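Scroll down for the structure; my scribbles are underneath it.
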Amino acid sequence: MSIRKATTHVNQNEGLIFEKSSPGKYAWKLPELDVPEVDPAKALGTAARSDLGNMPEVSEIEIIRHFTRLSTWNYGVDTGLYPLGSCTMKYNPRVNEVASRMEGLAGAHPYQPEKISQGGLLIMKVLSKCLIEITGMDAVTLQPAAGAHGELTGILLIRAYLESKGNPRQKILIPDSAHGTNPATAAIAGYAVENLKSNAAGMVDIPSLIAQTNEDVAALMITNPNTLGVFEREIAKIAEILHAKGALLYMDGANMNALVGKARPGDRGVDVMHMNLHKTFSTPHGGGGPGSGPVVCRQILEPFLPVPVIVSKPNGALAFDYDRPQSIGRVRAFYGNFGMLVRALAYIMANGPDGLRQTTEDAVLNANYIRKKLEGCYELPYATPTMHEVVFSDHLQTKNGIKTGDIAKRLIDYGFHPYTVSFPLIVHGALMIEPTESESKEELDLFIDAMRSIAEECEKDPKLVLEAPHTTRVSRLDEVTAARKPILRWKPQQQPAAAD
Ligand SMILES: *Cc1c(COP(=O)(O)O)cnc(C)c1O
């Protein structure tokens with residue numbers, strides 16, 4: 001068995017001791033006072049503190065070791081393969097960081113006058129043009145702070161547009177393979193959600209779509225490629241069916257990593273879509289965020305975009321336009337997560353059109369390489385070709401009592417972050433794997449070896465898998481309690497009170 005050492009980092013002496021404090025230690029030394037002493041209570045009033053409560057008392061090296069050690073307890077895309085399907089956990093190029101930390105950009109204030117914000121405005125303008133070009137759409141807002149936020153913005157645009165025509169309509173159609181944020185978005189935007197079946201190939205079932213599309217339907221929210229990693233080949237026909245009834249087509253663009261440089265949703269009849277800059281365009285994700293979820297749309301939706309939009313003045317200068325009577329208003333303070341816009345533009349410009357197309361091809365190739373090497377070990381519920389991610393099921397392993405979650409836990413012992421477990425919901429016991437283009441063949445081979453050897457263990461030693469992980473500080477956590485009652489910050493330990 002080839003457990004990779006790199007990610008275990010277990011120092012036998014360190015155990016699980018988190019608290020390092022012991023009385024009287026400190027990590028500072030101040031020079032002798034060379035000014036008259038002031039009574040803190042006089043200077044600060046009630047804000048003055050005479051003791052520091054239960055703050056930890058540690059030396060400088062203990063602090064350094066504490067935080068350095070904690071940083072090694074995590075697993076990130078800088079540590080190894082992070083095949084979390086649907087999340088596109090790709091490498092965050094460091095050149096993005098260099099660009100976004102330039103003083104004039106990182107230090108810019110959102111209320112500084114337009115005259116001295118021309119650089120920042122130009123960055124947003126150029127990024128806007130790139131996103132419009134990549135998707136084949138007409139207009140954009142960079143404001144939304146994440147994918148789900150982009151969805152809400154997009155559906156609010158559709159609502160405003162339909163309202164301007166006299167009737168916002170009642171329903172949004174959503175395929176059963178959709179991400180959970182889609183129905184949540186539709187509901188928050190005031191629509192009833194109607195489920196749309198997938199066919200045996202894992203695509204939207206056209207006869208069902210025809211039967212369900214009527215004058216009550218505001219839009220269909222489709223993900224393409226969908227969460228099975230399957231390209232919805234009938235996308236143009238789907239758009240036609242909706243448009244014929246006056247409904248619009250929303251595309252969840254979270255999976256654009258499979259399309260950039262190859263196909264443009266705008267050319268296939270999509271009316272509005274969001275992108276996740278923190279997926280497709282390599283800006284940091286999750287704890288490293290914040291996210292960014294720009295929305296691109298067709299001309300008919302442009303008057304409703306959030307304010308402000310960037311315009312060019314007759315003298316060539318860029319400016320924010322707030323005078324847009326049909327706008328849905330703001331969806332976020334200021335202009336979006338500006339630092340992420342800088343990073344995404346740095347990524348796009350560093351790659352150029354050819355580089356972006358290559359990225360897409362490599363992402364799809366990597367997913368198909370994994371698919372080819374693992375079929376036979378894990379069941380493939382849909383035979384339809386795979387794009388940037390591949391979905392297996394645990395069907396072959398359940399006869400030994402092993403489920404997708406167990407296989408994922410065992411993967412941790414092999415030094416990999418788990419794939420996405422139990423999603424999409426239409427695949428019972430799903431293993432959803434998205435390697436992205438970031439990975440080398442060597443890293444993919446290590447992952448494939450690990451997955452194959454786990455499949456073998458499921459036959460020969462199911463207990464080993466069922467009790468995994470074995471190499472981590474803590475084994476199986478109570479995930480429900482962790483989610484419901486999270487402990488998100490350190491608090492001083494309770495001192496045993498003398499009077500109790
Ligand atoms: C990630 C994702 C979303 C949500 O994006 P966030 O940025 O996490 O809000 C929506 N749909 C799909 C298909 C996704 O993969």
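The values are calculated or read from the model by the stated rules, or taken from the named source; none is laboratory data. From a predicted model like this one, the values you see are computed outputs, not experimental measurements. In this analysis, Cβ positions are derived from the backbone assuming ideal geometry, glycine residues included, and neighbour counts consider all displayed protein chains. Areas reflect the complete protein model, heavy atoms only, side chains present, ligands, DNA and RNA absent. Shrake-Rupley method; radii C 1.70, N 1.55, O 1.52, S 1.80 Å.
What the table below lists for this structure:
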quantity: Criterion: out of contact with any strand residue (DSSP E or B) (no Cβ under 9 Å at 6 or more places or on another chain), open to solvent by less than 40 Å² (accessible area, probe 1.4 Å) and of a type in the set (A, V, I, L, M) - qualifying residue of Leu196, Leu259, Leu220, Leu228; calculated: Leu259
quantity: Enumeration of residues in segment 221-276 that are part of a strand (DSSP E or B) and within 13 Å of the ligand (Cβ to nearest atom); calculated: Met221, Ile222, Thr223, Tyr250, Met251, Asp252, Met273, His274
quantity: Subset tally (residues that are in contact with a helix residue (DSSP H, G or I) (Cβ under 9 Å, 6 or more places away or on another chain) and within 17 Å of Glu389 (Cβ to Cβ)) for segment 210-248; calculated: 9
quantity: Pairs with Cβ under 7 Å, 6+ apart, first in segment 62-76 and over 15 Å from Glu19 (Cα atoms), second open to solvent by 80 Å² or more (accessible area, probe 1.4 Å); calculated: Thr72/His9
quantity: Verdict on Phe320 being in a loop (DSSP other than H, G, I, E, B), in contact (Cβ under 8 Å) with a residue 24 or more places away in the chain and not charged (D, E, K, R); calculated: no
quantity: Segment 284-308: number of residues that are touching a His at 6+ places or on another chain (Cβ under 6 Å) and more than 16 Å from the ligand (Cβ to nearest atom); calculated: 0
quantity: First in segment 171-194 and of a type in the set (S, T, N, Q), second anywhere and away from the ligand (no atom under 13 Å from the Cβ), Cβ under 8 Å, 6 or more apart; calculated: Ser177/Ser198; Ser177/Gly202; Ser177/Ile426
quantity: Qualifying residue in segment 134-149 (condition: in contact with a Cys (Cβ under 9 Å, 6 or more places away or on another chain) and within 16 Å of the ligand (Cβ to nearest atom)); calculated: yes
quantity: Counted residues, segment 40-60 - those being of a type in the set (Val, Ile, Thr) and open to solvent by 90 Å² or more (accessible area, probe 1.4 Å); calculated: 1
